Amino acid sequence: QVQLVESGGGLVQPGGSLRLSCAASGSFLRINDMGWYRQAPGKQRDLVATITSGGITNYDDSVKGRFTISRDNAKNTVYLQMNSLKPEDTALYFCSAKIRHVFATSSDDYWGQGTQVTVSF
């Protein structure tokens, strides 16, 4: 059974920084793309950033230049460094991973439970 466990959320003032982590555990062959999404109250879940197993990144325009996604393949962990945080970044942040199991012909999508980020004075 695969689990994604996020950590690092919290309350921060505007202009501050936070670093989110998400570690995958369980039995699987390999992890392909990993990513971060966020969902504000009453809104849909939106893409924040993704990263391939080879390190190619993609960002939503709203976070470009402020957020950095990275991963440590040896630790099956993805990170999101968030700088210059704004109140509109407040949301529940979820990590995701496309995971390939042994003998499988395609990858399955997994999600973490979410970690709250609140940007406020």
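Of all beta bridges DSSP finds with both residues in the chain, what is the antiparallel percent, to the nearest 5?
Just about 95 percent of them are antiparallel.
With θ set to phi - 60°, apply the Karplus curve 6.51 cos²θ - 1.76 cosθ + 1.60 along the stretch 8-16 and write out the HN-Hα couplings as whole Hz, x wherever there is a Gly or Pro.
Once rounded to whole Hz, the list reads x, x, x, 9, 9, 6, x, x, x.
Can you pull the percent of Cα pairs in the stretch 47-121 with separation above 18 Å?
For the stretch 47-121, the fraction of Cα-Cα distances above 18 Å is 47 percent.
Any idea what % of Cα-Cα pairs in the stretch 6-98 are farther than 21 Å?
28
At a 1.4 Å probe radius, which order do ARG45, ARG71 fall into by accessible area, largest first?
Largest to smallest exposure gives the sequence ARG45, ARG71.
Using a 1.4 Å probe over the heavy atoms of the protein chains, calculate the carbon and sulfur portion of the accessible area of the chain as a whole percent.
48
Just to confirm, what accessible area per residue do you get for the chain at 1.4 Å probe, in whole Å²?
54
With r defined as the distance between the Cβ atoms of GLU88 and ARG19 and R0 fixed at 22 Å, what FRET efficiency is calculated, to the nearest 0.05?
0.70
The values are calculated or read from the model by the stated rules, or taken from the named source; none is laboratory data. Here the structure is a predicted model, which means the values were calculated and not measured. All Cβ positions, glycine included, derive from the backbone under ideal geometry; neighbour counts span all protein chains shown. For accessibility, only protein heavy atoms count, side chains too; no ligands or nucleic acids. Shrake-Rupley method; radii C 1.70, N 1.55, O 1.52, S 1.80 Å.
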